[in-house]
Amino acid sequence: MVITPPSQQAADRLTPPRGIGPLAPRGESRAGSANGHRSEQTRSVPLSVTDTPSTDTETTSPTEAVSDSPAGPTDQAPEQAPQEAPLFAEIGVRAETVAALAEVGILRPFAIQALTLPLALARTDIIGQARTGTGKTLAFGIPIVQVATAKDEGATGRPQALVVVPTRELCVQVTADIARAGLGRGLRVLAVYGGRAYEPQLSALRAGVEIVVGTPGRLLDLARQKALDLGEVRTLVLDEADEMLDLGFLPDVERIIAFLPEGRHTMLFSATMPGPVISLARRLMIRPVHVRAEQPDEGRTVPNTQQHVFRAHALDKMEVLARLLQAADRGLAMVFVRTRRTADKVAEDLARRGFAAAPVHGDLGQGQREQALRAFRAGKVDVLVATDVAARGIDVGGVTHVVNYQCPEDENVYLHRIGRTGRAGGSGVAITFVDWDDLPRWTLVNRALALPFEEPLETYSTSAHLFELLGIPAEVKGTLPHAARTRAGLAAEEVEDLGGGGRRGSRPRTRERSAEEQPVRPARTRVRQRTRGAGAAAAATGLSVAGTDGAPGDPGVDAGTDAGVTDLASAPAGGVTDGSVAEVHVLGGETAVRHDSGSGSGSAEADEDGLDLASTDPSAEPARRRRRRRGGRGRGTGTVRDNGSEPGSDGDLGSDVTDHAPRAESA
């Protein structure tokens, strides 16, 4: 345990309030520092140390004190025995909160809770750091519930506490935990996040709430619309603070803080707290106390989590994954990937192999993301393939295996991923696949966490050590046997209609209407008549296009005029003057002209001598559309078509006519 000492004057001001004396080490030093005043104090889990006196000019490390003390003193034996954590009531928590926690089996605080609760109840700004799965949510949730005023106690309905989280899934989980702690007092807790409709959230805000938990985007949106009044917020919490103070969220967090009043109580919690983040957090806080609930000689990973790192080939990863998911005593499993497309691909491949798998990533709609998490918690799906959106704070009981299908970006991502198992004192297994291209990245992660996996063991789906280390039966193959497919699957969980806009797949599938509900539409019969390019077709066959005024054919017909086609050799002067519409066909050596009159009375076909080849067709309809967009000119090259008469027939004109006959394509 390393204690960073402030100056003696600062130590006097930072003396913790009455009630936390038994939690502090007896040999803890509050000595002065040669570097001057520091506005931060570091507190760790109490150790069994000798009562070695310390001076005002040096800092005594408990580890050194143990080594310098005489071996086996009789008066130190009681202190070296592990002490049981105090009850929540002994720390000063309200009786209603203690009863609400007891109903769910929470009786004694974890280390981070025992250290931070006395400080938080005294309204001291805190930077809390502890491993994943050690109860950080209640470490700030209980103080919020403690100081909040319920509706029956005279609350105004305006938010009194604000918790900002990075992901929607974590927002739902934190809201449920705080609401459970405040159930005995009737505190109203509201989750505010994107992907849901605005109306339910606006209605809840108008009705009044005491605690608001939300993501930065939706919180900032509602605050700008003046629908969310943050003027009475007395407590601000940034959960997963290292992520919230990253460059991606920092501008939005600073804008949200601008809506809050001065003199608020601020708490930051995370499992990973880099130095630059701590320096940045000091700007938002007043003389914060940095609490680290871990021993200095322990690693940053959870001791109860068994870790394995394998060097696997990219083409063999799926085979290895399918086999390790059939390990003995496997419960729920989470598979982490880097990209959304990989999450879909892995989930689909596992489903084809017989596993009940579901993906969770940012491209899914909020309804589908919550559907997958509900099915995973209920056991309908036992494999959750997720991006890092589910690596922060998600607490699901029964997760025994975590697989890093793709190598994590850095050590912080690795810690949060494998922290989904081995939670609350449980045990778990964490497996990491390292491809040959990922070896440099993994080397940095391994050195930062001081792990013994400098050279990952080369592993394939048939490697004997894979089966031995993970307890996989020897007869297991890459496909789940039909007898083992007992999960209901993702389809057994309904998608909740959240009413909000979303991304791909967010819109729920609408039910099909029955035949009785289908509207009855009148039948429409329309005969399409090919009139485009009539002028070009007529010019190619020696015909002329005439307007309705009886003038001889000019290919450029005035806008709104339907062109008629006639044979100049046989037709009377003026061509077709009845405003009919013609269609010209080349049938071998003959030219067939079809006239559709404006009255729709019939049509006629004429040969080269101008004789009718067909009688009037009473079923033909008149042309009802007039071409006006292009001045009545057709868009095609003509309506002349080659019907492809066979060589040797009466109408065969040879290959030249066949190759060069103009064609008109339909629209």
Taking Arg374 and the conditions (1) free of Cβ contacts under 8 Å to residues at least 60 places away in the same chain; (2) open to solvent by 50 Å² or more (accessible area, probe 1.4 Å), which numbered condition does it fall short on, given that it satisfies the others?
(1)
Going residue by residue through segment 343-353, is there one that turns out to be assigned to a loop (DSSP other than H, G, I, E, B) and either under 29 Å from Asp242 (Cβ atoms) or open to solvent by less than 30 Å² (accessible area, probe 1.4 Å) (or both)?
no
Answer yes or no as to whether Val213 is at negative phi and modelled with pLDDT of 95 or more.
yes
Is there any pair with a first residue in segment 403-417 that is part of a helix (DSSP H, G or I) and a second that is among the aliphatic types (A, V, I, L, M) and open to solvent by less than 10 Å² (accessible area, probe 1.4 Å) whose Cβ atoms are under 7 Å apart and which are 6 or more apart or on different chains, and what are they?
Glu411/Val445; Val413/Ala391; Tyr414/Val445; His416/Ala391; Arg417/Ala391; Arg417/Val402
Give the number of residues within segment 191-201 that are open to solvent by 20 Å² or more (accessible area, probe 1.4 Å) and modelled with pLDDT of 95 or more.
1
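Can you tell which of Ala333, Ala357 is modelled with pLDDT of 95 or more and touching a His at 6+ places or on another chain (Cβ under 6 Å)? If you could, list the steps in order and put the result at the bottom.
Details: Ala357 fails: touching a His at 6+ places or on another chain (Cβ under 6 Å).
None of the others qualify; the one that does is Ala333.
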How about segment 310-353: which of its residues are more than 27 Å from the chain's Cα centre (by Cα) and of a type outside the set (Asp, Glu)?
Phe310, Arg311, Ala312, His313, Arg323, Gln326, Ala327, Ala328
Quick one: is Glu169 acidic (Asp, Glu) and buried (at least 19 other Cβ atoms within 10 Å of the Cβ)?
yes
Complete set of residues in segment 214-231 that are surrounded by fewer than 22 Cβ atoms within 10 Å (Cβ to Cβ) and touching a residue at least 60 places away in the same chain (Cβ under 8 Å):
Asp229, Leu230, Gly231
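If I go through segment 441-456 residue by residue, how many of them are outside any helix (DSSP H, G or I), open to solvent by 50 Å² or more (accessible area, probe 1.4 Å) and closer than 16 Å to Asp410 by Cα?
So the first thing to find is which residues in segment 441-456 are outside any helix (DSSP H, G or I), and the list is 450-456.
From the residues that got through so far, the ones that are open to solvent by 50 Å² or more (accessible area, probe 1.4 Å) too are 450, 452, 454-455.
Checking the rest, the ones that are also closer than 16 Å to Asp410 by Cα come to 450, 454.
Number satisfying all stated conditions: 2.
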Out of segment 266-287, which residues are closer than 12 Å to Leu238 by Cβ and touching a helix residue (DSSP H, G or I) at 6+ places or on another chain (Cβ under 8 Å)?
Thr266, Met267, Leu268, Phe269, Ser270, Met273, Val277, Leu280, Ala281, Leu284
Might you check whether a residue that is part of a loop (DSSP other than H, G, I, E, B), modelled with pLDDT under 95, buried (at least 22 other Cβ atoms within 10 Å of the Cβ) and touching a Phe, Trp or Tyr at 6+ places or on another chain (Cβ under 8 Å) occurs anywhere in segment 136-158?
no
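Residues are listed down the side, and each one gets a yes or a no for (1) buried (at least 22 other Cβ atoms within 10 Å of the Cβ); (2) free of Cβ contacts under 8 Å to residues at least 40 places away in the same chain; (3) among the aromatic types (Phe, Trp, Tyr); (4) part of a strand (DSSP E or B):
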| site | (1), (2), (3), (4) |
| --- | --- |
| Arg392 | yes, no, no, no |
| Thr400 | no, no, no, yes |
| Gly425 | no, no, no, no |
| Leu466 | no, no, no, no |
| Leu469 | no, no, no, no |
Which of the residues belonging to segment 175-210 are in contact with a helix residue (DSSP H, G or I) (Cβ under 6 Å, 6 or more places away or on another chain) and among the aliphatic types (A, V, I, L, M)?
Ile178, Ala181, Leu183, Val189, Leu190, Ala191, Val192
Output the residues belonging to segment 86-103 that are hydrophobic (A, V, I, L, M, F, W, C), loosely packed, with under 15 Cβ neighbours inside 10 Å and either modelled with pLDDT of 90 or more or assigned to a helix (DSSP H, G or I) (or both).
Ala89, Ala95, Ala99, Ala102
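Output yes when any residue across segment 184-191 is part of a helix (DSSP H, G or I) and in contact (Cβ under 8 Å) with a residue 12 or more places away in the chain, and no when none is.
Within segment 184-191, the first condition is being part of a helix (DSSP H, G or I), and the residues that meet it are 184-185.
Then keep just the ones that are in contact (Cβ under 8 Å) with a residue 12 or more places away in the chain; that gives 184-185.
Scanning segment 184-191 turns up at least one residue that is part of a helix (DSSP H, G or I) and in contact (Cβ under 8 Å) with a residue 12 or more places away in the chain.
Give Thr432, Thr459, Thr486, Thr421 a once-over and let me know the one that is out of contact with any helix residue (DSSP H, G or I) (no Cβ under 9 Å at 6 or more places or on another chain), of a type in the set (Ser, Thr, Tyr) and either surrounded by 17 or more Cβ atoms within 10 Å (Cβ to Cβ) or at pLDDT 95 or above (or both).
Thr421
The values are calculated or read from the model by the stated rules, or taken from the named source; none is laboratory data. A quick note: this is a predicted structure, and the numbers were derived from the prediction, not measured. All Cβ positions, even for glycine, are placed from backbone atoms using ideal geometry, and neighbour counts span all protein chains on display. Side chains are part of the model used for accessible areas, which takes the heavy atoms of the whole protein and leaves out ligands, DNA and RNA. Shrake-Rupley method; radii C 1.70, N 1.55, O 1.52, S 1.80 Å.
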